[in-house]
Amino acid sequence: MSSPIRSRSAGLGPSVPDPTEDSFGRDELHGVLDSAGRARLKGVLRDQHVLAGIGNAYSDEILHAAKLSPFKAADSLTSDEFEALFTAIKGRLAEAVDRAQGLAAKDLKKEKKVAMRVHGRTGRPCPVCGDTILEVSYADWSMQYCPTCQTAGSPWRTGG
C-alpha cells in the first residue's frame, strides 16, 4: 500500500489524508495504520503529520465511540475493530462539522466542549456505561478514556 503522505500540489508541499473528505476511505485508513506499525492508536490519530484534522480531543472521542483502547497498537486491529474505528472517524467528524455549521467563530469552542463525551471530562461518569472517565497526562497533552468501554475495565490495557 502507498504511503499515507502524498503531495496534492507541487507548490503546497506534502499533505496528509483528511478523513472529512469523501475520498478518505478504508484503503487510506489501512495505509495510515499499516505505516504506523506498533504505534499506539491515540498517538496515530492525534498526529497532524499522519491524519489531518483529528487532533487530541477528537481522537479521544473517536476511540471512545469505536470502543477501542488508546493504548492499542495501530497495526493490531481485528477486522471488526478496524470497521468500528473507520465508522467512528467518519461519524464523529461529520457530527462535528454539522454542529459547527452556521456558528460564529466565538461560539465554536463552546459547542465543541458541550459535545464531548470523554475528552475534558476526567472524573465524570461515562455517558455510555457510567464508569469514571480516566486521564493520562503527558508533558504537553493529556487523554481521557473510559476504562469499561475501552480497556476492559483496567487502566492502561490495550483492549478487551
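Annotations for the structure displayed:
- Those residues of the range 112-141 which are hydroxyl-bearing (Ser, Thr, Tyr) and either touching a Gly at 6+ places or on another chain (Cβ under 9 Å) or surrounded by 14 or more Cβ atoms within 10 Å (Cβ to Cβ) (or both), in sequence order: THR122, THR132
- Evaluated against (1) modelled with pLDDT of 90 or more; (2) surrounded by fewer than 16 Cβ atoms within 10 Å (Cβ to Cβ); (3) farther than 15 Å from ALA65 by Cα, LEU108 falls short on exactly one condition, (1).
- SER59 vs. criteria within 21 Å of SER137 (Cβ to Cβ), out of contact with any Phe, Trp or Tyr (no Cβ under 8 Å at 6 or more places or on another chain) and of a type in the set (Gly, Ala, Ser): yes
- Any hit, the range 145-156, residues being assigned to a loop (DSSP other than H, G, I, E, B), β-branched (Val, Ile, Thr) and closer than 30 Å to ASP27 by Cα: yes
- Checked against the criteria, GLY123 counts as touching a strand residue (DSSP E or B) at 6+ places or on another chain (Cβ under 7 Å), modelled with pLDDT of 95 or more and more than 14 Å from ALA57 (Cα to Cα).
- For the range 51-75, a tally of residues being in contact with a Gly (Cβ under 9 Å, 6 or more places away or on another chain) and either crowded, with 16+ Cβ neighbours inside 10 Å or free of Cβ contacts under 8 Å to residues at least 40 places away in the same chain (or both) returns 13.
The values are calculated or read from the model by the stated rules, or taken from the named source; none is laboratory data. The model shown is predicted, which means the values in this text are computed figures rather than measured ones. Neighbour counts run over all protein chains shown; Cβ positions are idealised from the backbone, glycine included.
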